[in-house]
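The structure under discussion appears below in the form of C-alpha coordinates.
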Amino acid sequence: MIQNRTALMQNSIADEGGFAQESLVGQRMRELRSARGLSIRALAEASGLAVNTLSLIENGKISPSVSTLHRAATALGVVITDFFERSAPLQQIVFLPHAERASTPFDHGTLEDMAAGFAGRGLHPSLVTLEPHCGSGAEPIVHTGYEFVYCLEGCITYRLDGQIYRLHPGDSLLFETHLPHCWQNEQDQPSRMILVLVPTDLRDQPTYRHFAPPDSSGSSQ
(Lines give C-alpha, C1' and ligand atoms only; values in the text may rest on other atoms or scores of the structure.)
Protein backbone atom coordinates (compact mmCIF):
# COMPACT_ATOMS: atom_id res chain seq x y z
CA MET A 1 0.00 0.00 0.00
CA ILE A 2 2.78 2.42 0.93
CA GLN A 3 4.60 1.64 -2.31
CA ASN A 4 1.41 2.37 -4.27
CA ARG A 5 0.95 5.69 -2.50
CA THR A 6 4.59 6.62 -3.02
CA ALA A 7 4.35 5.76 -6.71
CA LEU A 8 1.19 7.87 -6.99
CA MET A 9 3.01 10.75 -5.33
CA GLN A 10 6.01 10.51 -7.65
CA ASN A 11 3.88 10.12 -10.78
CA SER A 12 1.64 13.00 -9.78
CA ILE A 13 4.54 15.35 -9.14
CA ALA A 14 6.14 14.38 -12.44
CA ASP A 15 2.91 15.02 -14.36
CA GLU A 16 2.88 18.76 -14.88
CA GLY A 17 -0.50 18.56 -16.60
CA GLY A 18 -2.25 16.66 -13.81
CA PHE A 19 -4.66 19.39 -12.79
CA ALA A 20 -6.92 17.01 -10.84
CA GLN A 21 -4.00 15.72 -8.80
CA GLU A 22 -2.63 19.22 -8.22
CA SER A 23 -6.07 20.25 -6.99
CA LEU A 24 -6.12 17.30 -4.58
CA VAL A 25 -2.68 18.18 -3.21
CA GLY A 26 -3.69 21.81 -2.77
CA GLN A 27 -6.99 20.90 -1.15
CA ARG A 28 -5.31 18.51 1.29
CA MET A 29 -2.66 21.09 2.17
CA ARG A 30 -5.36 23.64 2.93
CA GLU A 31 -7.32 21.09 5.02
CA LEU A 32 -4.26 20.07 7.03
CA ARG A 33 -3.26 23.68 7.57
CA SER A 34 -6.75 24.73 8.65
CA ALA A 35 -7.05 21.74 11.01
CA ARG A 36 -4.00 23.04 12.85
CA GLY A 37 -5.31 26.59 13.07
CA LEU A 38 -2.54 27.96 10.87
CA SER A 39 -2.82 30.86 8.46
CA ILE A 40 -1.04 30.50 5.15
CA ARG A 41 1.47 33.09 6.38
CA ALA A 42 2.13 31.07 9.55
CA LEU A 43 2.76 27.96 7.44
CA ALA A 44 5.10 29.98 5.23
CA GLU A 45 7.09 31.11 8.26
CA ALA A 46 7.24 27.58 9.73
CA SER A 47 8.29 25.91 6.47
CA GLY A 48 10.50 28.62 5.00
CA LEU A 49 8.37 28.64 1.82
CA ALA A 50 7.00 31.76 0.19
CA VAL A 51 3.39 32.72 0.86
CA ASN A 52 2.82 33.04 -2.89
CA THR A 53 4.20 29.52 -3.48
CA LEU A 54 1.86 28.02 -0.90
CA SER A 55 -1.09 29.97 -2.28
CA LEU A 56 -0.43 28.67 -5.79
CA ILE A 57 -0.18 25.10 -4.49
CA GLU A 58 -3.39 25.33 -2.46
CA ASN A 59 -5.24 26.69 -5.49
CA GLY A 60 -3.95 23.93 -7.76
CA LYS A 61 -2.00 26.34 -9.95
CA ILE A 62 1.42 24.67 -9.74
CA SER A 63 2.81 21.17 -9.26
CA PRO A 64 5.11 21.32 -6.20
CA SER A 65 8.44 19.52 -6.04
CA VAL A 66 9.12 16.72 -3.56
CA SER A 67 11.44 19.08 -1.66
CA THR A 68 8.68 21.70 -1.35
CA LEU A 69 6.17 19.12 -0.14
CA HIS A 70 8.68 17.73 2.34
CA ARG A 71 9.14 21.17 3.89
CA ALA A 72 5.39 21.80 4.08
CA ALA A 73 4.75 18.32 5.51
CA THR A 74 7.43 18.75 8.18
CA ALA A 75 5.96 22.09 9.23
CA LEU A 76 2.49 20.55 9.43
CA GLY A 77 3.69 17.49 11.31
CA VAL A 78 2.54 15.04 8.62
CA VAL A 79 4.16 12.82 5.99
CA ILE A 80 4.24 13.69 2.29
CA THR A 81 1.79 10.95 1.32
CA ASP A 82 -0.90 12.69 3.42
CA PHE A 83 -1.12 15.29 0.63
CA PHE A 84 -2.24 12.57 -1.81
CA GLU A 85 -5.03 11.00 0.24
CA ARG A 86 -8.65 12.05 0.33
CA SER A 87 -9.65 13.50 3.66
CA ALA A 88 -11.39 11.13 6.06
CA PRO A 89 -13.02 11.57 9.47
CA LEU A 90 -10.69 11.35 12.44
CA GLN A 91 -10.68 7.88 13.94
CA GLN A 92 -11.32 6.92 17.55
CA ILE A 93 -9.20 3.78 17.18
CA VAL A 94 -6.14 3.46 14.96
CA PHE A 95 -4.73 0.01 14.19
CA LEU A 96 -1.73 0.39 11.92
CA PRO A 97 -0.01 -2.74 10.55
CA HIS A 98 3.71 -2.31 10.04
CA ALA A 99 3.48 -2.79 6.27
CA GLU A 100 0.97 0.08 5.97
CA ARG A 101 2.82 2.63 8.09
CA ALA A 102 3.86 5.66 6.07
CA SER A 103 7.42 6.90 6.37
CA THR A 104 9.29 9.89 5.05
CA PRO A 105 13.00 10.76 5.10
CA PHE A 106 14.39 13.75 6.91
CA ASP A 107 17.92 15.09 6.84
CA HIS A 108 19.47 12.41 9.08
CA GLY A 109 17.14 9.42 8.96
CA THR A 110 13.49 8.44 8.58
CA LEU A 111 10.28 9.36 10.37
CA GLU A 112 7.36 6.89 10.43
CA ASP A 113 3.92 8.21 11.28
CA MET A 114 2.19 6.13 13.97
CA ALA A 115 -0.92 8.33 14.23
CA ALA A 116 -2.52 8.07 10.77
CA GLY A 117 -6.14 9.25 11.05
CA PHE A 118 -5.51 10.61 14.54
CA ALA A 119 -3.64 13.79 13.62
CA GLY A 120 -4.58 17.19 15.00
CA ARG A 121 -5.54 15.94 18.47
CA GLY A 122 -2.48 17.12 20.34
CA LEU A 123 -0.75 13.73 20.25
CA HIS A 124 1.74 12.62 17.63
CA PRO A 125 3.72 9.37 18.05
CA SER A 126 6.46 8.56 15.54
CA LEU A 127 9.06 5.87 14.98
CA VAL A 128 12.37 7.62 14.34
CA THR A 129 15.45 6.03 12.79
CA LEU A 130 18.63 8.08 13.21
CA GLU A 131 21.72 7.61 11.09
CA PRO A 132 25.09 7.35 12.90
CA HIS A 133 26.43 10.58 14.44
CA CYS A 134 23.32 12.56 13.47
CA GLY A 135 20.78 14.44 15.54
CA SER A 136 18.59 17.50 15.97
CA GLY A 137 21.48 19.96 15.80
CA ALA A 138 23.44 21.95 18.34
CA GLU A 139 20.71 24.57 18.88
CA PRO A 140 18.44 23.58 21.81
CA ILE A 141 14.76 23.02 21.00
CA VAL A 142 11.99 24.62 23.07
CA HIS A 143 8.25 24.19 22.47
CA THR A 144 5.00 23.74 24.35
CA GLY A 145 3.73 20.56 25.94
CA TYR A 146 5.47 17.29 26.68
CA GLU A 147 7.84 14.83 25.02
CA PHE A 148 8.17 11.09 25.59
CA VAL A 149 11.09 9.06 24.23
CA TYR A 150 11.56 5.28 24.28
CA CYS A 151 14.80 3.83 22.91
CA LEU A 152 14.39 0.71 20.77
CA GLU A 153 17.86 0.18 19.30
CA GLY A 154 21.31 1.69 19.70
CA CYS A 155 21.75 4.69 21.98
CA ILE A 156 20.09 8.11 21.91
CA THR A 157 21.76 10.96 23.79
CA TYR A 158 19.44 13.69 25.05
CA ARG A 159 20.81 16.97 26.35
CA LEU A 160 18.03 18.30 28.52
CA ASP A 161 18.13 21.44 30.66
CA GLY A 162 21.88 21.17 31.15
CA GLN A 163 21.85 17.42 31.90
CA ILE A 164 22.88 14.50 29.67
CA TYR A 165 20.71 11.37 29.39
CA ARG A 166 21.90 8.38 27.37
CA LEU A 167 19.03 6.10 26.47
CA HIS A 168 19.76 2.45 25.68
CA PRO A 169 17.14 -0.12 24.53
CA GLY A 170 14.30 -0.17 27.05
CA ASP A 171 15.14 3.24 28.55
CA SER A 172 12.60 6.06 28.41
CA LEU A 173 12.50 9.80 29.03
CA LEU A 174 9.51 12.05 29.70
CA PHE A 175 9.80 15.79 30.19
CA GLU A 176 8.18 19.21 29.88
CA THR A 177 9.31 20.69 26.58
CA HIS A 178 9.74 24.27 27.77
CA LEU A 179 13.09 22.87 28.99
CA PRO A 180 15.78 23.32 26.30
CA HIS A 181 16.65 19.99 24.70
CA CYS A 182 18.37 18.35 21.75
CA TRP A 183 19.24 14.77 20.83
CA GLN A 184 21.85 12.82 18.89
CA ASN A 185 22.89 9.33 17.88
CA GLU A 186 26.55 9.28 18.93
CA GLN A 187 27.04 5.67 17.86
CA ASP A 188 28.56 4.16 14.70
CA GLN A 189 25.31 2.37 13.81
CA PRO A 190 21.71 3.56 13.33
CA SER A 191 19.53 4.04 16.40
CA ARG A 192 15.75 3.86 16.67
CA MET A 193 13.32 5.43 19.10
CA ILE A 194 9.63 5.99 19.61
CA LEU A 195 9.02 9.72 19.97
CA VAL A 196 5.69 11.04 21.25
CA LEU A 197 5.13 14.78 20.98
CA VAL A 198 2.21 16.29 22.93
CA PRO A 199 2.04 20.04 22.24
CA THR A 200 -0.38 22.09 24.30
CA ASP A 201 -0.65 24.53 21.38
CA LEU A 202 -1.16 22.83 17.98
CA ARG A 203 0.28 25.90 16.27
CA ASP A 204 3.62 25.30 17.96
CA GLN A 205 4.69 22.67 15.35
CA PRO A 206 7.16 20.63 17.47
CA THR A 207 7.63 18.10 14.64
CA TYR A 208 8.94 20.92 12.46
CA ARG A 209 11.29 22.05 15.22
CA HIS A 210 12.75 18.55 15.51
CA PHE A 211 12.96 17.49 11.87
CA ALA A 212 13.08 20.60 9.65
CA PRO A 213 15.69 20.51 6.86
CA PRO A 214 18.76 22.59 7.79
CA ASP A 215 18.11 25.11 4.99
CA SER A 216 14.41 25.56 5.82
CA SER A 217 14.76 29.16 6.95
CA GLY A 218 16.42 30.54 3.91
CA SER A 219 14.71 29.23 0.79
CA SER A 220 11.51 30.44 -0.73
CA GLN A 221 10.96 27.64 -3.25
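Structural remarks
- Residue in the range 113-133 that is of a type in the set (Gly, Ala, Ser), touching a Cys at 6+ places or on another chain (Cβ under 8 Å), assigned to a loop (DSSP other than H, G, I, E, B) and surrounded by fewer than 16 Cβ atoms within 10 Å (Cβ to Cβ) present: no
- Index of the failed condition, Ser39 passing every other in (1) surrounded by 15 or more Cβ atoms within 10 Å (Cβ to Cβ); (2) of a type in the set (Gly, Ala, Ser); (3) without any contact (Cβ under 8 Å) to a residue 60 or more places away in the chain: (1)
- Qualifying positions in the range 157-176 - among the basic types (Lys, Arg) and within 14 Å of Ile141 (Cα to Cα): Arg159
- Filtering the range 168-181 to residues that are touching a residue at least 24 places away in the same chain (Cβ under 8 Å), of a type outside the set (S, T, N, Q) and more than 11 Å from Ile156 (Cβ to Cβ) leaves Leu174, Phe175, Glu176, His178, Leu179, Pro180, His181.
- Those residues of the range 129-156 which are β-branched (Val, Ile, Thr) and under 18 Å from Phe106 (Cβ atoms), in sequence order: Thr129, Ile141, Val149, Ile156
- Verdict on Arg28 being crowded, with 16+ Cβ neighbours inside 10 Å, within 11 Å of Ile80 (Cβ to Cβ), charged (D, E, K, R) and modelled with pLDDT under 80: no
- Of all residues in the range 166-188, those being over 21 Å from Thr207 (Cβ atoms) and in a strand (DSSP E or B) number 1.
- Within the range 56-80, tally of residues that are in a helix (DSSP H, G or I), surrounded by fewer than 16 Cβ atoms within 10 Å (Cβ to Cβ) and not aliphatic (A, V, I, L, M): 1
The values are calculated or read from the model by the stated rules, or taken from the named source; none is laboratory data. Quick caveat: nothing in here was measured; it's all calculated off a predicted structure. Cβ: placed from backbone, ideal geometry, glycine included. Neighbour counts: every protein chain shown.
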